[in-house]
1. Kindly indicate the residue of segment 66-120 that is among the small types (Gly, Ala, Ser) and closer than 30 Å to ARG54 by Cβ and also nearest to the chain's Cα centre (by Cα) among those meeting that condition.
2. Which pairs turn up if I take residues in segment 207-223 that are open to solvent by 20 Å² or more (accessible area, probe 1.4 Å) and charged (D, E, K, R) and look for partners that are within 11 Å of the ligand (Cβ to nearest atom) and modelled with pLDDT of 95 or more with beta carbon separation below 6 Å, at least 6 apart in sequence or on another chain?
3. For segment 81-94, does any single residue satisfy the condition of being of a type in the set (A, V, I, L, M, F, W, C), closer than 23 Å to MET142 by Cα and at pLDDT below 95?
4. Just the residues that are of a type in the set (Val, Ile, Thr) and under 17 Å from LEU190 (Cα atoms), please, taken from segment 43-57.
5. Please enumerate the residues belonging to segment 1-17 that are assigned to a loop (DSSP other than H, G, I, E, B) and touching a residue at least 60 places away in the same chain (Cβ under 8 Å).
6. Would you check if there is a residue in segment 2-13 being in contact with a strand residue (DSSP E or B) (Cβ under 9 Å, 6 or more places away or on another chain) and near the ligand (Cβ under 10 Å from one of its atoms)?
7. Quick check on GLN193: is it surrounded by fewer than 16 Cβ atoms within 10 Å (Cβ to Cβ), of a type in the set (S, T, N, Q), within 16 Å of the ligand (Cβ to nearest atom) and closer than 26 Å to LEU2 by Cα?
8. So which of LEU165, LEU189, LEU199 ends up being within 30 Å of PRO13 (Cα to Cα) and not basic (Lys, Arg)?
Amino acid sequence: MLEIEELTTTYGPVRAVDRVSISVEPGAITAVLGANGAGKSTLLRTISGLVRARSGRIMMSGTDITRMPAELTVRRGLALVPEGGGVITELTVAENLRLGALWRGDRADRARALREVCELFPPLASRLARPASTLSGGERQMLAIGRALMSRPRLLLLDEPSLGLAPMITARIMQVLRDLRASTGLTVLLVEQNARSALSIADTGMVLALGQVVMAAPAGTLLTDETLRHAYLGF
Ligand code: ATP
């Protein structure tokens, strides 16, 4: 689904992503872990086409998307849930959701996608006409994920979806991601500070430090191997 080779992204002299290589199988959930400033957000922004790579290659389902702008990567089945969600608070919940499928021509398909998101996140279904500003933090994150799902992605990139949320809400969001993978074969790249909850649903975990991949292992190994956990995850 995703093959990244020697990807480098710079901001002036800062190598935010430094020769990163990743291979993600279809339907896999990969947790991308690491401290603040490790380059996690930049990695997702580069893959989705919001930031231009300096060098390296990003292949998605056999197509080179390295320099493809975000409005085209979304049409190829890639969706990003940015850090903080990026919900537009002045718009209603329904309007925010419709933004995710704006480019899709088929009205019936858009309506079907809206119904599916409402089934996935019942709190959104009962608040469709309300301004997004009235939602709680957890509901806003559901809205951000729901909006990304409106484009029917095959590859979903999530940037710290659990940030600032209560453990119960985080667990619910993780459960939804796991269910989606089971029902639709969705492939997920999950950036998290909360390593424990991300690894609880991931197949593989990788740790970034100063833009580089310093460790990659099956999620189960990362959770159970005390030496690895202490060295790379700090718990
Ligand atoms: P966080 O968890 O805090 O979001 P992160 O792992 O996502 O951290 P990035 O936000 O990708 O890391 O930042 C990687 C490096 O790039 C940091 O040194 C950061 O200061 C720098 N950086 C990020 N965005 C910019 C920007 N727009 N301009 C200049 N430098 C940036």
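The values are calculated or read from the model by the stated rules, or taken from the named source; none is laboratory data. For clarity, every value in this text was computed on a predicted model and none was experimentally measured. When we count neighbours, we look across all protein chains shown, and the Cβ atoms used for this are built from the backbone with ideal geometry, even at glycine. Note: accessible area is taken over every heavy atom of the protein model, side chains too, but ligands, DNA and RNA are not part of it. Shrake-Rupley method; radii C 1.70, N 1.55, O 1.52, S 1.80 Å.
1. From segment 66-120, those among the small types (Gly, Ala, Ser) are 70, 77, 79, 84-86, 94, 100-101, 105, 108, 111, 113; that's our starting set.
Right, trim to closer than 30 Å to ARG54 by Cβ and you get 70, 77, 79, 84-86, 100.
Details: ALA70: 14, GLY77: 13, ALA79: 7, GLY84: 12, GLY85: 10, GLY86: 13, GLY100: 14 Å.
Among those that are among the small types (Gly, Ala, Ser) and closer than 30 Å to ARG54 by Cβ, it is ALA79.
2. No pair meets every condition.
3. Let us first name the residues in segment 81-94 that are of a type in the set (A, V, I, L, M, F, W, C), namely 81, 87-88, 91, 93-94.
Still in the list and also closer than 23 Å to MET142 by Cα: 81, 87-88, 91, 93-94.
Checking the rest, the ones that are also at pLDDT below 95 come to none.
No - not one qualifying residue is present in segment 81-94.
4. Quick first cut of segment 43-57, residues of a type in the set (Val, Ile, Thr) only: 46-47, 51.
Across segment 43-57, the qualifying residues are THR46, ILE47.
5. Restricting attention to segment 1-17, the residues satisfying the condition of being assigned to a loop (DSSP other than H, G, I, E, B) are 1, 12-13.
Once the filter is applied, which keeps residues that are assigned to a loop (DSSP other than H, G, I, E, B) and touching a residue at least 60 places away in the same chain (Cβ under 8 Å), segment 1-17 yields only MET1.
6. Taking segment 2-13 first, the residues in contact with a strand residue (DSSP E or B) (Cβ under 9 Å, 6 or more places away or on another chain) are 2-10.
From what is left, the residues that are near the ligand (Cβ under 10 Å from one of its atoms) are 9-10.
Yes; the residues of segment 2-13 include at least one that is in contact with a strand residue (DSSP E or B) (Cβ under 9 Å, 6 or more places away or on another chain) and near the ligand (Cβ under 10 Å from one of its atoms).
7. Numbers: surrounded by fewer than 16 Cβ atoms within 10 Å (Cβ to Cβ): yes; of a type in the set (S, T, N, Q): yes; within 16 Å of the ligand (Cβ to nearest atom): yes; closer than 26 Å to LEU2 by Cα: yes.
Spelling it out, GLN193 is indeed surrounded by fewer than 16 Cβ atoms within 10 Å (Cβ to Cβ), of a type in the set (S, T, N, Q), within 16 Å of the ligand (Cβ to nearest atom) and closer than 26 Å to LEU2 by Cα.
8. Details: LEU165 fails: within 30 Å of PRO13 (Cα to Cα); LEU199 fails: within 30 Å of PRO13 (Cα to Cα).
The match here is LEU189.
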